[in-house]
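Report on the structure given below.
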Amino acid sequence: MTVTGTTFDDDTRRGWRPGRPSRASLGEWITANVILVVLVGLIVAIAIYDTDFISANSVRNILTNSSTRILVALGAGIVLISRGVDLSGGRMVGLAAVVSASMLQTETYSRQFYPDLPALPLILPIAVAIGITTLLGVVNGLVVARLRVPPFIATLGMMVIAFGMTAIYFDQPPNNSQPISGIREDLSALGTGQLALGPLSIPIIIVIAGTAAVIFWVLLEKTVFGKNVYAIGGNPQAAQVSGVNIVRTLIAVYAIAGACYGLAGVLEAARTGGASSRYGELYELDAIAACVVGGVSTAGGIGRVRGIVAGVLVFAVISYGLTFIGINPFWQQIIKGVIIIGAVAFDMSRARRTR
Amino acid sequence: MTRRSGAFAMATASMLLLSAVPATAQDATAAEGGLPVADCAAPDKAIGVAVFRFDNEYLSLVREAIGAAAAAKGAQVDVVDGQNSQPAQNEQIDLFISKALPAIAVNQVDRELANVTLEKAKAADIPVVFFNKEPLPEVLSTWDKAYYVGAKAEESGAMQGQLVIDYWNAHPEADRNGDGVIQYVMLSGPADHQDAQIRTVESIKAINDAGIQTEQLQREIGDWNRAMAIEQMGAIYAQHGDAIEFVLANNDNMAIGAVEALKANGYFGDSGRFLPVVGVDATEPALESMRAGELLGTVLNDAVNQGQATFNLACVLAGGGTPTAENTGYAIDGQYVWVPYVPVGPDDIQ
């Protein structure tokens with residue numbers, strides 16, 4: 001399934017492209033790396049306000065807070081690049097959190113979701129949770145690619161369905177919609193444990209999110225599958241003419257996104273020590289915001305993994321940094337909104353100039 | 001307005017807790033829990049129960065309690081989910097009225113719009129018991145077959161404050177810098193939520209009224225959930241560290257979030273380091289956290305008695321009676337039944 005032609009050359013991915021300072025002027029480099037500039041600017045501004053902000057602890061906290069969001073944003077990002085949009089991500093996070101937590105409670109906990117369930121190997125409930133969300137992703141892909149339902153509508157439907165499934169599961173006796181808690185040590189270790197690397201101790205959750213980002217980078221930017229995703233996003237007709245199997249590729253795109261949401265849900269349960277049906281609510285919009293700020297185009301075909309990661313980090317820095325210096329939380333909302341609009345407006349004006 | 005919890009209230013509260021907590025945890029029937037049984041005949045038709053949203057954790061407990069109360073009485077209930085939408089709930093009320101149900105119990109989606117529900121019920125002469133979300137007094141007073149069952153939010157704040165006072169007085173080491181002032185962090189619920197506002201203010205007011213000075217190091221507004229509280233507390237701890245002497249959260253989810261963040265900073269468990277955190281709701285995870293020696297205390301919003309009282313009033317009204325302390329088992333204050341909150345401190349947990 002090789003694709004030739006000019007439909008997906010490097011220019012179609014120019015969303016967040018590191019320029020080459022050696023050859024380009026500083027101005028051009030800044031233009032090409034606006035998200036990085038925003039990120040550094042934010043950190044500098046907060047550090048000027050309070051120098052204590054610059055610490056290993058801050059870095060660790062910000063990366064930890066970003067971990068599940070990176071997973072959701074990677075899922076949302078691959079869908080956006082394929083010229084789709086996925087609104088079902090947040091609710092799938094909630095579904096996976098509830099499913100995995102319900103089967104991984106300590107036997108001594110007083111309000112058991114499954115009172116008679118024997119202790120399962122850790123991997124089994126996690127696989128079930130991720131399996132379910134992956135399957136829902138496949139359904140999303142089928143509805144979009146086969147039934148030709150616009151992605152916005154298809155995933156809006158799935159968002160509602162996924163929440164309904166979570167609520168039914170969560171409401172069954174004897175749980176009756178009570179928050180699930182008392183999860184096992186081995187699950188919570190994924191969310192709060194540390195991995196010793198010589199003198200450094202790195203939270204496991206960061207390692208997982210980082211690994212996922214690297215896998216995504218290889219998948220999207222180094223494989224034929226990735227090129228096909230960009231090709232479909234850039235120009236579906238041209239991609240089809242070039243021999244890309246659109247149906248199969250889109251199903252894979254939504255399935256991969258579903259798997260990301262599932263893993264994010266499991267980690268969300270792990271780091272909070274529990275789950276409820278409200279978990280993940282509106283995470284999909286945060287993820288889409290992070291993607292567009294990171295240079296992913298909502299029109300498809302444009303966006304890079306490091307841009308997505310940077311977009312998530314921008315919001316994590318805002319939220320952590322402004323809490324750290326004690327700024328009124330409502331200002332966070334305004335600053336986030338300004339950055340979302342500003343970043344996209346900047347991208348648009350740059351796109352006009354380069355045309 | 002604040003009702004201070006005296007020794008008698010505390011004693012009653014502890015007794016209530018002993019009966020109430022196991023009842024929620026084990027699905028006990030109303031009769032087994034030692035709850036007041038209404039003096040009424042089970043109506044022929046179901047009593048309509050409109051809940052504002054099924055996925056709300058607290059209302060699920062009330063729903064469970066109403067169901068248990070009805071089952072114990074051999075009565076039927078028709079419970080519907082308002083899905084947090086007032087228009088959807090209005091349609092459900094219309095349906096109840098067209099079915100000519102003998103009484104309806106309504107957990108209004110938007111308390112300010114309870115007048116619409118009341119007028120519909122009044123026109124059809126179907127008694128209505130509002131619960132958990134209080135109609136405006138001038139609305140409720142327009143019809144004598146309308147009642148409200150609920151808790152006084154300021155009580156929860158005052159009781160949370162009392163938990164802080166008790167710990168502070170018993171543990172001189174809690175005053176880490178020895179200045180006699182409580183340096184605290186407040187994790188509040190959404191700014192537009194009545195309970196959040198009241199708990200934030202009343203808890204501190206109770207502490208100050210007891211003659212203890214306070215200093216707020218930081219206040220953050222959360223969304224009642226754990227994940228956000230973990231992140232907020234992580235940042236707050238990074239900023240203030242060991243200057244923090246107390247953490248007050250408007251609900252248990254956020255309190256547990258604070259506990260999780262403190263765990264990540266080397267508190268609780270085997271560390272031997274402790275920082276008092278208090279919440280409100282007495283959810284099962286909170287009680288478990290207390291048993292593990294993490295969370296200091298919480299305040300029970302008594303879902304079992306709210307559900308039982310709601311059913312008892314509706315049942316009496318359905319039979320054409322007027323609710324009294326004798327036939328419902330709950331003190332009737334005009335058109336109101338106030339179900340007290342119950343403080344849950346370290347001594348209440350086995």
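Of all DSSP-defined beta bridges confined to the protein assembly as shown, some 25% are antiparallel rather than parallel. Once you reduce segment A:127-148 and segment A:76-121 to the center of their Cα atoms, the two points are 15 Å from each other.
Per residue of peptide A:172-182, the mean number of Cβ atoms on other chains within 10 Å of the residue Cβ is 6.
Stretching the chain fully between residue B:208 and residue B:194 yields a gain of 2.9 nm (0.36 nm per residue, less the alpha carbon separation).
The length gained on full extension between residue B:176 and residue B:291, counted as 0.36 nm times the residue separation minus their Cα-Cα distance, comes to 39.0 nm. Taking every alpha-carbon pair under 8 Å whose residues sit at least 6 apart, segment A:159-293 reaches a relative contact order of 34 percent. Note on the protein assembly as shown: along the principal axes its Cα atoms extend 87, 65, 50 Å, ordered by decreasing extent. The simple spin-label model puts a point 7 Å past each Cα toward its Cβ; for residue B:136 and residue B:110 those points are separated by 1.3 nm. Between the beta carbons of residue B:325 and residue A:52, assuming R0 = 56 Å, the FRET efficiency works out to 0.40 to the nearest 0.05.
Shielding by partners for peptide B:217-227, expressed as the average number of C-beta atoms from other protein chains within 10 Å of each residue's C-beta, is 4. Note that segment A:55-126 presents 31 Å² accessible area per residue, ligands and nucleic acids not counted, probe 1.4 Å.
Here the label points at residue B:86 and residue A:334, each 7 Å from Cα along the C-beta direction, are separated by 2.8 nm in the simple model. Judged by the gyration tensor of its Cα atoms, with axes a ≥ b ≥ c, chain A is oblate; a/c meets the 1.5 cut and b/c is at least as large as a/b.
Here the spin labels are modelled as points 7 Å beyond Cα on the Cα-Cβ line, and at residue A:237 and residue A:30 they lie 4.1 nm apart. For chain B, the relative contact order is 22 percent, taking Cα pairs closer than 8 Å that sit 6 or more residues apart in sequence and dividing their mean separation by the residue count. By a 1.4 Å probe calculation restricted to protein chains, residue B:290 has an accessible surface near 20 Å², given to the nearest 10.
When the alpha-carbon atoms of segment A:36-102 are used, the pair Rg, Dmax equals 16.5, 45 angstrom. Counted residue by residue at 0.36 nm each, then reduced by the alpha carbon distance between them, the extension gain from residue A:327 to residue A:225 reaches 32.3 nm. For segment B:154-300, rounded, prolate or oblate, judged on the Cα gyration tensor with a ≥ b ≥ c (square roots of eigenvalues), a/c < 1.5 rounded, else prolate if a/b > b/c? Note, shape of segment B:154-300 comes out rounded. In straight-distance terms, cross-link reach from residue A:222 covers every one of the aspartates and glutamates whose alpha-carbon lies under 14 Å from its own, apart from those fewer than eight places away in the same chain; here that gives A:9, A:10.
Which residues in segment A:314-337 place their backbone N less than 18 Å from a point set 7 Å from the Cα of residue A:40 along the Cα-to-Cβ direction? It comes to A:314-315, A:317-318, nothing else. Inter-chain Cβ neighbour count for B:229-241, averaged per residue, equals 6 (cutoff 10 Å, partner chain atoms only).
Applied to segment A:317-327, the Karplus parametrisation 6.51 cos²θ - 1.76 cosθ + 1.60 on θ = phi - 60° returns per-residue 3J(HN,Hα) values of 5, 4, 5, 6, x, 6, 5, 4, 8, x, 7 Hz, with x for Gly and Pro. 3J(HN,Hα) couplings calculated from phi for segment A:167-184 with the Karplus curve 6.51 cos²θ - 1.76 cosθ + 1.60 (θ = phi - 60°) are, in sequence order, 5, 5, 4, 6, 8, 6, x, x, 6, 6, 6, 8, x, 7, 9, x, 7, 5 Hz; Gly and Pro show x. When the surface is traced with a 1.4 Å probe over the full set of protein chains, residue B:338 keeps roughly 60 Å² accessible. Prolate is the label for chain B. Its Cα gyration tensor axes, ordered a ≥ b ≥ c, give a/c of at least 1.5 and a/b above b/c.
The values are calculated or read from the model by the stated rules, or taken from the named source; none is laboratory data. In this text the structure is predicted, and so the values were computed from the model without any measurement. All Cβ positions, even for glycine, are placed from backbone atoms using ideal geometry, and neighbour counts span all protein chains on display. When the accessible area is computed, the model is the full protein with side chains, heavy atoms only, and any ligands, DNA or RNA have been set aside. Shrake-Rupley method; radii C 1.70, N 1.55, O 1.52, S 1.80 Å.
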